[in-house]
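Peer 1: Here's a structure for you.
Computed from the coordinates by the stated procedures, all read-outs in this text should not be read as laboratory data. The structure presented is a predicted model; accordingly, all values stated were derived computationally and were not measured. For neighbour counting, all protein chains shown are included, and Cβ atoms are generated from backbone atoms with ideal geometry for every residue, glycine included.
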Amino acid sequence: MIIDALSIPENTIIEKDICIVGGGAAGITIARELRNQPYEVCILESGGFDFEQATQSLYDGANAGISYFPLGEARARYLGGSTNLWGGWSRPFDEVDFEKRSWVPYSGWPVTRSELLPYYHRAQQACHLGPYAYDVSSWEETLKQLQCDRLPLNEAQVETCIWQVIPPTHLRFGEAYRTELEQAKNVSTYLHANVLEIETNDTAQAVTRLQVASLDGKKFWVKAKVFILAVGGIENPRLLLLANKVQRCGLGNQHDLVGRFFMEHPLLKSGKVQFSQPAGLYTQKVIQAGELYMGAGFNLPQAVQEREQLLNFSTRLLPVRDEGLEAFQRLRHRIPQTKTPEAFPKIVQGHRYRNNTSIVNDLGKVVTHLDSVVAKIYTKLLKSNAVQQPQGYNTLMIGEQAPNPDSRVTLSPERDKLGLNRVKLDWRLNSLDKYTMLRSQQLVAQELERSGVGQLQIELTNDDASWQSLTSSYHHMGTTRMSSSPKQGVVDENCRIHGMGNLYVAGSSVFPTGGHSNPTLTIVALSIRLADRVKAQMSSANAIGAMVGSGL
């Protein structure tokens, strides 16, 4: 059942067994796992079915660190969450991502990859991906039939890295699972429901209820036995820090860790590859094999990472475009359109890019490359079927970010329309992040040249000017990190807030490290695992209740 909170009378008290805050990948996955169970579940979603500027503006905040996207563009605040923005590229984390690495401070998960493996298999099915197979050798025959053979690289030095891509039919979780949510008898999804306050008992060891409001000012309350925060790597810590009436520093923040260790996947387009033989596996944006979609790139084996003391890393290839044409396209997007403007920046291969160039610079590039710009326009007007071959490929480098306690989310004194403190993001990278990008590209270049399959012209140097194209992936991780001890993190190995009995956190904010893989498959796997944990907790509570009721 889906209910618009705008229709709920003022001061209503809603009572459920389980309350999930957030209707994105994590929240919807947990709700789907809890369907048809003998307890009542609700989802509180801030937005509606579609983008609404007034609701989206609740995400606005300040950037105090490395240049970053406007926070109001960094996530989507309506049913489906940021799955409304992503490209669906999926891959599990690598074994090394879960391990404590001597050269990576604060690394190591309290769960192993093998423990998470059965949940990865279930996540694979939940996301409607293909077989759980991410070793390129598993796809050898399929790729050969598609004439997409892998390059003859020394896999001990540089590996071929495979992603699977969620099909368009299930890419947007809000759309894909809307009917399920509408028909679920024990799940109520409340739209336009914004959490104002997490209320606790006198010791702040248990949540008693949530104060909720719609943007029209009406307030109501939700009581439950179990509460799960699933609103992303920036909003999860925000809600915990705002819950400071009993525990003055905020919930789960006894050791000043809530909001710290903010991590991203830094992106850098730098370097050009020319291949001496067909490399369709790596140069096609997406490879389709029946109903399966895949993508490929290069990454470094764990042994190389250990030898070189690197973070995890991968690189994909993008066709080199004419500078004049790219400038012309940017200018076109600057001109006001008669159609409704896009709510968010354009997504390219699953990532959004900022426009860091000025109009003057773009005009200059168009003039300089006027011949190619005019030729392209002429070709398009004639609807020519001529295919222009790219002049090589850019390397799109995707790096893991080292956990850094100084990279963090805090509360700002500025307030939103609901009267809540907005956030301030201080994103920081360190020397290991920079070294990983530079050295990893060098290792890929060496192996391409050694194997004779291509040449990689490296454009990245230690000079800051070559890092100007650094951007990121909107993969917000680490701000409520998982740990065995409350002195090292915010949630335990079961994603429950340390020291609290009924408050859990779902999503990538619990990641202790971020690897190089897109986070959503791991988010879904951890969410399924958390749902199993909550089922066990509810079954245990019901069993105890039954024993007490019967006088046993």
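Peer 1: Can you compute the helix-only [θ] at 222 nm over the chain? Use -39500 (n - 2.57) per DSSP H run of at least 4 residues, normalise by all residues, nearest 500 deg cm²/dmol. Could you put the intermediate results ahead of the total?
Peer 2: Working: 15 runs with 155 residues, N = 552.
Computed ellipticity for the chain at 222 nm equals -8500 deg cm²/dmol.
Peer 1: Name the shape class, rounded, prolate or oblate, that the alpha-carbon gyration tensor gives for the stretch 113-153, where a ≥ b ≥ c are the square roots of its eigenvalues, rounded holds for a/c under 1.5, and otherwise prolate holds if a/b is larger than b/c and oblate otherwise. All intermediate terms of the calculation are to be shown ahead of the outcome.
Peer 2: Numbers: a/c = 4.33, a/b = 1.99, b/c = 2.18.
Taking the square roots of the gyration eigenvalues as a ≥ b ≥ c, the stretch 113-153 is oblate.
Peer 1: For helix 232-242, report the angle its Cα long axis makes with the longest principal axis of the Cα atoms of the chain; keep it between 0 and 90° and round to the nearest 10°.
Peer 2: Taking the Cα atoms of the chain, the angle to 232-242 is about 40 degrees.
Peer 1: For the stretch 144-301, what is the relative contact order in percent, using Cα pairs closer than 8 Å and at least 6 residues apart in sequence? Write down the numbers at each step before the final one.
Peer 2: Values: 166 pairs, mean separation 51.3, N = 158.
Reported relative contact order: 32 percent.
Peer 1: What percent does the relative contact order of the chain come to when contacts are Cα pairs within less than 8 Å and at least six residues apart?
Peer 2: Working: 1196 pairs, mean separation 136.0, N = 552.
That works out to 25 percent.
Peer 1: Normalise the Cα radius of gyration of the stretch 232-327 by 2.2 N^0.38 Å (N = residues in it) and let me know the number.
Peer 2: Working: Rg = 21.6 Å, N = 96, 2.2 N^0.38 = 12.5 Å.
So the Cα radius of gyration is 1.73 times the expected 2.2 N^0.38 Å.
Peer 1: Restricting to bridges with both residues inside the chain, how much of the DSSP beta-bridge set is antiparallel, in percent to the nearest 5?
Peer 2: The answer is about 70 percent antiparallel.
Peer 1: Okay, moving on. Please report, largest first and rounded to whole Å, the three semi-axes of the ellipsoid equivalent to the chain, where each semi-axis is the square root of five times an eigenvalue of the C-alpha gyration tensor.
Peer 2: Numbers: eigenvalues 336, 142, 107 Å².
The equivalent ellipsoid of the chain has semi-axes of 41, 27, 23 Å.
Peer 1: Excluding Lys245 itself, calculate the net charge of residues whose Cβ lies under 9 Å from the Cβ of Lys245, where each Lys or Arg counts +1 and each Asp or Glu counts -1.
Peer 2: Numbers: positive: Arg248; negative: Glu197, Glu199.
Every neighbour counted, the sum reads -1.
Peer 1: Using the Karplus curve 6.51 cos²θ - 1.76 cosθ + 1.60 with θ = phi - 60°, what ³J(HN,Hα) values do you get for each residue of the stretch 37-47, in whole Hz, with x for Gly and Pro?
Peer 2: Whole-Hz 3J(HN,Hα) from phi for the stretch 37-47: 9, x, 8, 8, 10, 9, 10, 9, 10, 5, x.
Peer 1: Hey, fewest Cβ within 10 Å first, where do Val534, Val490 land in order? Could the numbers behind the result be given before it?
Peer 2: Details: Val534 27, Val490 30.
So the ranking, lowest neighbour count to highest, is Val534, Val490.
Peer 1: Which trypsin sites (Lys or Arg not before Pro) does the stretch 188-251 hold that lie in a coil by DSSP with at most 14 other beta carbons within 10 Å? Kindly include the intermediate steps, with their values, before the conclusion.
Peer 2: Values: sites: Arg209, Lys218, Lys219, Lys223, Lys225, Arg238, Lys245, Arg248; in loops: Lys218, Lys225, Lys245, Arg248.
For trypsin sites (Lys or Arg not before Pro) across the stretch 188-251 that sit outside H, G, I, E and B with at most 14 neighbouring Cβ atoms in 10 Å, the list reads Lys245, Arg248.
Peer 1: Skipping prolines and chain starts, which residues have an amide H placed within reach, meaning under 5 Å, of the one on Arg422, given they are 5 or more residues away or on another chain?
Peer 2: Result for Arg422 returns Ser412, Glu414, Arg415, Asp416.
Peer 1: With point charges of +1 on the Cβ of Lys and Arg and -1 on the Cβ of Asp and Glu, referenced to the Cα centre of the stretch 158-203, which listed residue (Val158, Thr203, Leu171) lies farthest in the positive direction of the dipole?
Peer 2: Leu171
Peer 1: Could you give each residue of the stretch 493-507 its phi-based ³J(HN,Hα) in whole Hz, using Karplus coefficients 6.51, -1.76, 1.60 with θ = phi - 60°, and x for Gly or Pro?
Peer 2: 5, 9, 6, 9, 4, 4, x, 10, x, 9, 10, 10, 10, 10, x
Peer 1: With a ≥ b ≥ c the root eigenvalues of the C-alpha gyration tensor of the stretch 177-289, is it rounded (a/c under 1.5), prolate (a/b larger than b/c) or oblate? Please list the in-between numbers first.
Peer 2: Numbers: a/c = 3.39, a/b = 1.79, b/c = 1.90.
Verdict is oblate for the stretch 177-289.
Peer 1: To two decimal places, what compactness ratio does the stretch 1-68 give when its Cα radius of gyration is scaled by 2.2 N^0.38 Å? Walk me through the numbers on the way to the answer.
Peer 2: Numbers: Rg = 15.5 Å, N = 68, 2.2 N^0.38 = 10.9 Å.
The reported ratio for this selection is 1.42.
Peer 1: DSSP loop chymotrypsin sites (Phe, Trp or Tyr not before Pro) in the stretch 82-128 with at most 13 other Cβ atoms within 10 Å of their Cβ, which ones?
Peer 2: Details: sites: Trp86, Trp89, Phe93, Phe98, Trp103, Tyr106, Tyr119, Tyr120; in loops: Trp86, Phe93, Trp103, Tyr106.
The qualifying sites are Trp103.
Peer 1: Moving on to the next point. Please arrange Met437, Met500 by how many other C-beta atoms lie within 10 Å of their C-beta, fewest to most. Could the numbers behind the result be given before it?
Peer 2: Details: Met437 25, Met500 21.
Lowest count first: Met500, Met437.
Peer 1: Among Ile14, Ser107, Met1, which residue has its Cα positioned farthest towards the positive end of the charge dipole of the stretch 1-127, with +1 placed on the Cβ of Lys and Arg, -1 on the Cβ of Asp and Glu, and the dipole taken about the Cα centre?
Peer 2: The residue sitting most towards the positive pole is Ser107.
Peer 1: Treating the beta-carbon of each Lys and Arg as +1 and of each Asp and Glu as -1, no other charges, what is the dipole magnitude of the chain about its Cα centre, to the nearest 20 debye? Intermediate values should be presented prior to the final figure.
Peer 2: On the way: 56 positive and 55 negative charges, 154 e Å.
Roughly 740 debye, rounded to the nearest 20.
Peer 1: A follow-up question, please. How big is the stretch 155-196 in terms of Cα radius of gyration and Dmax, in angstroms?
Peer 2: Rg, Dmax (Cα atoms, Å): 18.5, 53.
Peer 1: What do you get for trypsin sites (Lys or Arg not before Pro) in the stretch 58-102 restricted to DSSP loop and a cutoff of at most 16 other Cβ within 10 Å of the site's Cβ? Working shown, then result.
Peer 2: Working: sites: Arg75, Arg77, Lys100, Arg101; in loops: Arg75, Arg77, Lys100, Arg101.
Taking the stretch 58-102 and a limit of 16 other Cβ atoms within 10 Å, the loop trypsin sites (Lys or Arg not before Pro) found are Lys100.
Peer 1: With the dipole of the chain worked out from charges on the C-beta (+1 for Lys and Arg, -1 for Asp and Glu) around the Cα centre, which of Ala193, Ile66, Gln302 lies farthest toward the positive end?
Peer 2: In the chain, that residue is Ala193.
Peer 1: Next question. Expressed as a rounded percentage, what relative contact order does the stretch 84-227 have, with Cα pairs under 8 Å and six or more residues apart? Before the final figure, lay out each step's value.
Peer 2: Working: 136 pairs, mean separation 26.4, N = 144.
After rounding, I find 18 percent.
Peer 1: Then there's this: Work through the residues other than Leu153 whose Cβ is under 12 Å from its Cβ and net out their charges, Lys, Arg +1 and Asp, Glu -1. Let's see the in-between values first.
Peer 2: Values: positive: Arg150, Arg450; negative: Asp149, Glu155, Glu159, Glu447, Glu449.
Overall, the nearby charge balance is -3.
Peer 1: I would also like to ask the following. Filter Lys100/Lys535; Lys245/Lys424; Lys16/Lys487; Lys218/Lys424 down to the pairs with a C-alpha to C-alpha distance above 25 Å, please.
Peer 2: In this structure, Lys100/Lys535; Lys16/Lys487; Lys218/Lys424 exceed 25 Å between Cα atoms.
Peer 1: For a quick protection proxy, order the peptides 252-260, 183-191, 508-516 by their average other-Cβ count within 10 Å, most packed first. Numbers along the way, then the final one.
Peer 2: Numbers: 252-260: 22.2, 183-191: 19.7, 508-516: 26.9.
Ranking, from highest mean packing down: 508-516, 252-260, 183-191.
Peer 1: In straight Cα distance, which aspartates and glutamates are under 12 Å from Lys225, not counting same-chain residues fewer than 8 positions off?
Peer 2: Partners within reach: Glu15, Asp17, Glu40.
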